[in-house]
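The values are calculated or read from the model by the stated rules, or taken from the named source; none is laboratory data. Everything numeric in this text was worked out from a predicted model, so none of it was measured. Glycine also receives a Cβ, built like all others from the backbone with ideal geometry; neighbour counts cover every protein chain displayed.
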Amino acid sequence: MAMKEVMEKSGISNPRGLGITAEFSVDPANNITGYKSFRAGKFQFRRDEYFAYIETPKGTHMMSVDAFLRALMRDVAWGFFYGTVNFDPVFGTTNFYGEVDMFYGALNEAYVSEGRDYIERFKSDQLMNIFKQMISDWTNAGFDPFAAPRETGVPWGAKNGDNDGAVSRQRVTARRMVGMKGDTPLRSDKSGFPVNVMFHDVDQDQPEVHAEPGFEGEVSAFNLFGYLSRSDVTWNPSVCSVVKDSLFCPTTEEYILPVEHGNDRCEWFIQLSDEITWNIKDGSSGRPKAVVQMKPGDVACMPADIRHQGFSPKRSMLLVWENGSPKLPELIREGKAPTVAVQF
Ligand code: PHB
Ligand code: FE
């Protein structure tokens, strides 16, 4: 059932002054493919055996369904993430933290110059509700959109079961640090996190901690390389330690980051193992800017006004260091904070 469309303004940052769309619907499963269709405002989503189709008032966009589901999985598990999640150079979402824009062509110079761009704004929880139903319905048994391609089945074909266990995973977010009392636990064989075959050479020893009496709950250490070697997902930075707004979000990577992430703040990358090549493009036009090849020990700072997509030929370990301050996007938009973290 479609809800009435509500256009209202909110106090949340809204640089384009868009009203809120609150119109959603789910169409019954298609007789031939078995998949439901979904509508959010004037965006209509359907899938068939190979493709996802996004119909908008300015045109219909097609994506290979494996790429679409991998991108949708990240948007869902990350709660629309920081800034923009470009599913590809045409379609994506921009997070305004409470509200979210969904766009077609709006961050693509060619689409904009031809007037083919289209944006609608939603309450985040309402759009998330539709996205969650979509990832659940469109993911077949045996396909895990978080897994590296060599570790999972295929998404093709007519509807065949589901993989709700896999698609309902949320990213790890430690309150203080992984392994501390009452915080997110370490990984082990027993808890269902075996060492990945590409990381069998990673030492699994844990550090010894000898806390002074009275500080037993405050002093903690763990083997981060061992922890990462047991990650069952790829391209999913999880918050493993927190000091005020400083968030260490390490992740294991293999194959291609399924989104072009458009930053709304600077973020640091420290390559912990193996190699990742990053394609960097301008955040709003999509014009190519740079290719950055990172080898173990390399450190890079991604500016706040770019989008980037990583390619990892072997499973690698990457530390993403985020500044979680909610004030940053607005400060950067207003020109009160720089788009680069260092100037030489
Ligand atoms: C990023 O956008 O900075 C990002 C996203 C996912 C990753 C790594 C980096 O796995
Ligand atoms: Fe990023």
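Here are a few things to note about the model shown:
- Taking the conditions (1) polar (S, T, N, Q); (2) in a loop (DSSP other than H, G, I, E, B); (3) in contact (Cβ under 8 Å) with a residue 12 or more places away in the chain in turn, SER191 satisfies each one other than (3).
- Comparison of GLU99, GLU49, GLU23, GLU109 shows that the only residue that is charged (D, E, K, R) and without any contact (Cβ under 8 Å) to a residue 40 or more places away in the chain is GLU23.
- Matching residues in segment 161-172 - criterion: being touching a residue at least 60 places away in the same chain (Cβ under 8 Å) and either assigned to a helix (DSSP H, G or I) or more than 18 Å from SER229 (Cα to Cα) (or both): VAL167, ARG169, GLN170
- Matching residues, segment 262-281, being assigned to a strand (DSSP E or B) and under 19 Å from PRO338 (Cα atoms): GLY262, GLU267, TRP268, PHE269, ILE280, LYS281
- Taken residue by residue, segment 98-120 has no member that is under 21 Å from SER312 (Cβ atoms), crowded, with 21+ Cβ neighbours inside 10 Å and more than 16 Å from ligand 2 (Cβ to nearest atom).
- Qualifying residue in segment 175-182 (condition: assigned to a loop (DSSP other than H, G, I, E, B), within 27 Å of SER312 (Cα to Cα) and in contact with a strand residue (DSSP E or B) (Cβ under 9 Å, 6 or more places away or on another chain)): yes
- Hey, LEU228 crowded, with 20+ Cβ neighbours inside 10 Å, within 16 Å of ligand 2 (Cβ to nearest atom), under 16 Å from LEU318 (Cα atoms) and at pLDDT 95 or above or not: no
- In segment 247-254 there is no residue matching the filter, namely being without any contact (Cβ under 8 Å) to a residue 24 or more places away in the chain, outside the structural domain of LEU107 (by TED's automatic domain parsing) and either within 13 Å of ligand 2 (Cβ to nearest atom) or under 22 Å from PHE344 (Cα atoms) (or both).
- Only residues that are within 16 Å of ligand 2 (Cβ to nearest atom), surrounded by 14 or more Cβ atoms within 10 Å (Cβ to Cβ), hydrophobic (A, V, I, L, M, F, W, C) and not in a loop (DSSP other than H, G, I, E, B) were counted across segment 282-323, and they come to 10.
- Any hit, segment 203-211, residues being β-branched (Val, Ile, Thr), farther than 30 Å from PHE311 by Cβ and in contact with a Phe, Trp or Tyr (Cβ under 6 Å, 6 or more places away or on another chain): no
- Set ILE332, ILE280, ILE306: member being farther than 23 Å from PHE199 by Cα and touching a Gly at 6+ places or on another chain (Cβ under 6 Å): ILE306
- Within segment 324-344, the set of residues being in a helix (DSSP H, G or I) and either without any contact (Cβ under 8 Å) to a residue 60 or more places away in the chain or buried (at least 18 other Cβ atoms within 10 Å of the Cβ) (or both) comprises LEU328, PRO329, LEU331, ILE332.
- Positions within segment 238-271 being closer than 15 Å to LEU228 by Cβ, more than 17 Å from the chain's Cα centre (by Cα), away from ligand 1 (no atom under 12 Å from the Cβ) and of a type in the set (A, V, I, L, M, F, W, C), in sequence order: none
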